[in-house]
């Protein structure tokens, strides 16, 4: 393979990797399933199953179609697993990876810009390309994180996960001291839609909210209804930034089963601070990489491909870290007391009568394929740059 062929092969490999990166973002990366004698195979062929995506956790159960069983909609296995877990004091699934999910679309975009910069062999073009990409990313990220109604800059999947988790909170509230809490929020949503000029024929349940605009209105109505129940001194106006929505939603999620404000508020402050650190950390990282892009050598240049190449490793570390957090932050209000434990990261495990299955989904396979393409591209690029020198 001559110099020109190697150059074009590298470009094609990088472009294929960027395409895979986009596909990965919309794919399930990992799946977890719980099986037990009280969940028979006939009704639960996959057990109680959930799918982990970069932007949220989603239902992995499918409708059962058998002569003796008729299901119009699949069982909500995220809710089912939360219900099982809370008996041992485990926080809801939506409480994990809060900052990572909120920033996922920005981080994936960052990796894509890094790869496009890596494939450029001319430093001036590389700096210009990365500078323009980083500038757009920084503005987009700032408008979402701090801006008014910045939540509209988030992707639909992230909003779906927020609305779904919030609908579970409403179910919990409706079972306790305020039976009309859920209907009050739905009524507020109906009113806000009518005020915006949209025709409202009937009240919508959370499961009926499909469009991105409806999701944002539902979140706003839920936020305002929640603030109305607080003392006047603690109420906040709706800003709609990702920062505000993420912090409020995290607080609601933590308190779904274990409503301990004194314990929850410090956790929310820490998570909000973590979001600030990630935001400014990404800004600093972009400036450092832009400085390193002036040359086609050195660690800062090779970081452009090494970091995306290590995405499968980062995911497993992140996933394992959050599983550790769940197993070592059990609330004492759970129905059963168990010692802190490490949930199964990969393979099959056993907790009481439940068997846990935890395995990679096809999205993780796409990650490994992307890493393999980037490894080949990096080797070719190294040889190309050596010859140019």
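Each value in this text was obtained by applying a stated rule to the coordinates, not by laboratory testing. For clarity, every value in this text was computed on a predicted model and none was experimentally measured. Reconstructed Cβ throughout: ideal geometry from the backbone, glycine too, with neighbour counts over all protein chains shown.
For residue 273 and residue 348, a Förster radius of 30 Å and the Cβ-Cβ distance give a FRET efficiency of 0.20, rounded to the nearest 0.05. Estimated from helical segments only, the mean residue ellipticity of the chain at 222 nm is -20000 deg cm²/dmol, where each DSSP H run of four or more residues counts as -39500 (n - 2.57). Working from label points 7 Å from Cα in the Cα-to-Cβ sense, the residue 62 to residue 138 distance is 4.7 nm. What is the calculated FRET efficiency for residue 280 to residue 383, with r their C-beta to C-beta distance and R₀ = 41 Å, to the nearest 0.05? FRET efficiency, residue 280 to residue 383: 0.65. Subtracting the Cα-Cα distance of residue 148 and residue 128 from 0.36 nm times their residue separation leaves 4.2 nm of extension gain. Under 13 Å from a label point set 7 Å out along the Cα-to-Cβ vector of residue 310, no amide N atom of segment 363-389 is found.
Label reach from residue 156 (point 7 Å along Cα→C-beta): in segment 23-57, no amide nitrogen lies under 13 Å. Scaled against 2.2 N^0.38 Å for its residue count N, the alpha carbon radius of gyration of the chain is 1.10. Cut-off 20 Å, label point 7 angstrom out along Cα-to-Cβ of residue 1: give me the residues of segment 292-314 whose amide nitrogen falls inside. Only 297, 302-310 pass the distance filter. Per-peptide packing, taken as the mean over residues of other Cβ atoms within 10 Å, places 281-288, 301-308, 114-121 in the sequence 114-121, 301-308, 281-288 from highest down. Sorted on the mean count of surrounding Cβ atoms within 10 Å across their residues, most packed first, peptides 45-52, 231-238 read 45-52, 231-238. Footprinting exposure proxy ranking of 2, 82, fewest other C-beta atoms within 10 angstrom first, gives 2, 82.
Given a cut-off of under 8 Å on Cα pairs at least six residues apart, what relative contact order in percent is computed for segment 1-125?
In percent, rounded to a whole number, it is 22.
In terms of packing, defined here as the mean over residues of other Cβ atoms within 10 angstrom, the peptides 140-146, 209-215 line up highest first as 140-146, 209-215. Projecting label points 7 angstrom from Cα along Cα→Cβ for residue 303 and residue 355 puts them 4.6 nm apart. Remark: spin-label model distance residue 331-residue 83 equals 1.7 nm, labels positioned 7 Å along the Cα→Cβ axis.
For segment 11-111, rounded, prolate or oblate, judged on the Cα gyration tensor with a ≥ b ≥ c (square roots of eigenvalues), a/c < 1.5 rounded, else prolate if a/b > b/c?
Oblate shape, in that a/c is at least 1.5 and b/c is the bigger or equal ratio.
The mean sequence separation of alpha-carbon pairs under 8 Å and at least six residues apart, normalised by the residue count of the chain, gives a relative contact order of 28 percent.
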